[in-house]
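Comments concern the structure below.
Only the coordinates and a few stated rules stand behind these numbers; no lab work does. None of the values given here were measured: they were computed from a predicted structure. As a convention, Cβ positions derive from the backbone with ideal geometry for all residues, glycine included, and neighbour counts pool all protein chains shown.
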Amino acid sequence: MAAGVDARFVAPLADRHVCPVCLLALREPTVTKCGHLFCNDCVRPLARRGRIVCPVCREEQNESEIFSNNYDKREIMSLKIYCDQQEKGCKWKGELRERETHNETCGYVDVLCKNECGEMVMEKDMESHRKKTCMNRQVKCVHCKTIVTFKCLNDHHAQCEMSPVACEFCRRQVRRGEMNEHVSKDGTCPNSPLECEFSEAGCQFIGNRKEWKNHIEHDTVFHLILLMKHQSRTKALLSATKSSLESSLSATESSLTATKSLLSSTRACLAKKECELENLKSFVTEKVGMPVSQPDICVFEWNITNWSNCKMKSEVDPTYGTLSKPFFTKPKGYRLRLMLYPAGHDECKGSHVSVHVLVYAREYDYDVKLPKRQHCKFSFTLLDQQPDAMNVVVRQENTLDLIPRPQTMLITEDREHALQVIPYTKLETIDDFISYEKLNSRSYIQNNEIFIQFCLQLNLP
């Protein structure tokens, strides 16, 4: 790249103002010890180990003996030049020092279009280009007045609903969005092909609007015959359909009969299971002896229905809790019940669901010598009611007092003992069983009910 000044000077340059190296006007003139002038960027790279050989007279001299020449610099900067864009028509003429200032405002300098069309345009023509010739200029559709980019205008016209197109039948100009209506039976196209109104009955006539009207007016008898034949076919089809429906209904009735039979057998099976359950209840309430010494495991599943009502009651009454039915650890074991607080208990009120384990006194406790304290493991499991189940399990191991305290009393919920109070002991409390946020994150509540499984293992060493 040339180091000198490349410009169009009005008057020819003096020989002393031309760099002998780049043959252009001197830029930052530098004078050597021998009196020759060079561009600073032309002579400085010639230095080797602090010494320079003059390119004109070959005299060797120190780099420190080369100095800037401000006198000639001022002379050169005062020389008159033409604009760099003179060939494009710019008439400016001024001193070399004014060159950069002029170039910033020269209207003949090529700049990139501001609409990002990719074209280089002279600054003075930019506004006209952006409004008249730029492919990315915004224009208005003459039909629907929508603003689109000019280069997309043809594509827009090809689908514009307001753009006029020639009807293929009558060659009349019709708006694209109105073409279907124009060629329809109630339209204005005289040449559009129309089907006979009795085509469903079997008439195969197709003709223009004039022929269609003439056909409707003069072929009345023919159409009546077609309608009668169509009616006969319709009756036969209806008869066949009726027969098919009757056979399908008969098959459905047979299926219902089989289903009823299955339901009947299922009810009988359920009745048998209920009988077995009653026998089990009767067995566990009899007088029993001492429990066996091997570890015992008890599993109880609790289905809590009408969850929203239970939660509302718990929010209104802080002492309200839902009680499970009584269950036994085994026929010769302890009588337990579960207590659930839908709106939480104590410090977890309003943020968690709490669960407690209660032990109840029994009718024959005086005959059964059960240990007063037991080292046991137990767990609560909240069942997730969707296929990819993620159950919530809380496990604990503790030594518990399993004998009801006389001073703790609770009114029984059994109708036949509505006024009877029963002593009980709260074995264990889990106030932070599950938070509301986690409870609502999956299908733990479904059909307004939840399922909790309680597991207890006694007689641990």
Sorted on mean Cβ neighbours within 10 Å (highest first), peptides 26-37, 8-19, 247-258, 332-343 come out as 332-343, 26-37, 8-19, 247-258
The residues LEU358, LEU46, LEU23, sorted from fewest to most surrounding Cβ atoms within 10 Å, come out as LEU23, LEU46, LEU358
Honestly the stretch 116-254 on the Cα gyration tensor test (a ≥ b ≥ c root eigenvalues; a/c under 1.5 rounded, otherwise a/b vs b/c for prolate or oblate) is just oblate
Assigning unit charges at the beta carbon (Lys, Arg +1; Asp, Glu -1) and nothing else, what dipole magnitude in debye, to the nearest 20, does the chain show about its Cα centre?
440
What's log10 of I(q)/I(0) for the stretch 114-192 at q = 0.24, 0.25, 0.27 Å⁻¹, Debye sum over Cα points only, no solvent?
-1.03, -1.07, -1.15
Less than 14 Å apart at the alpha-carbon level, and either on another chain or at least 8 residues along: which aspartates and glutamates does that give for LYS80?
ASP6, GLU95, GLU98, GLU100
Residues with amide H under 5 Å from that of ASP401, placed H, sequence gap 5 or more:
none
Which one, THR429, LEU13, GLY177, projects farthest toward the positive side of the charge dipole computed for the chain from Cβ point charges (K/R +1, D/E -1)?
LEU13
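If you take every residue apart from ASN191 with its C-beta less than 14 Å away from the C-beta of ASN191, what net charge results, scoring Lys and Arg +1 and Asp and Glu -1?
Values: positive: ARG171, ARG172, LYS185, ARG209, LYS210, LYS213; negative: GLU168, GLU211.
Charge balance in the 14 Å sphere: +4.
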Within the stretch 36-143, DSSP-loop GluC sites (Glu not before Pro) with at most 10 other C-beta atoms within 10 Å are GLU116
Mean Kyte-Doolittle of at least 0.0 and a Cα length of 27 Å or more along the axis: which whole DSSP H helices of the chain meet both?
220-284
Relative contact order in percent for the chain (Cα pairs under 8 Å, 6+ apart) equals 8
Which cross-chain or sequence-distant (5 or more) residues have an amide H under 5 Å from the amide H of ARG175, H modelled 1.01 Å from N in plane?
VAL165
Putting +1 on Lys and Arg Cβ atoms and -1 on Asp and Glu Cβ atoms, find which of SER78, HIS102, CYS22 reaches farthest to the positive end of the dipole of the stretch 8-103.
HIS102
Could you work out [θ]222 nm for the chain from helices alone, using -39500 (n - 2.57) per DSSP H run of at least four and dividing by all its residues? Round to the nearest 500 deg cm²/dmol.
-8000 deg cm²/dmol
Neighbour-count ranking [beta-carbon atoms within 10 angstrom, fewest first] of ASP431, ASP346
ASP346, ASP431
So which of LYS91/LYS151; LYS349/LYS377; LYS88/LYS114 end up more than 28 Å apart by C-alpha?
LYS91/LYS151
How about LYS131: which aspartates and glutamates have a C-alpha closer than 19 Å to its C-alpha, ignoring those fewer than 8 places off in the same chain?
ASP110, GLU116, GLU119, GLU123
Gyration tensor (Cα only) of the chain to equivalent ellipsoid, semi-axes in Å sorted down, yields 97, 61, 19
Among ASP432, ASP401, what is the fewest-to-most ranking by other Cβ atoms within 10 Å?
ASP401, ASP432
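Please report the net charge: other residues with Cβ closer than 15 Å to the Cβ of LYS80, K and R +1, D and E -1.
+2
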Where does the charge balance sit around PRO164 when Lys and Arg score +1, Asp and Glu -1, over other residues with C-beta under 9 Å from its C-beta?
+2
Cα centroids of the stretch 310-346 and the stretch 75-114: how far apart, whole angstrom?
95
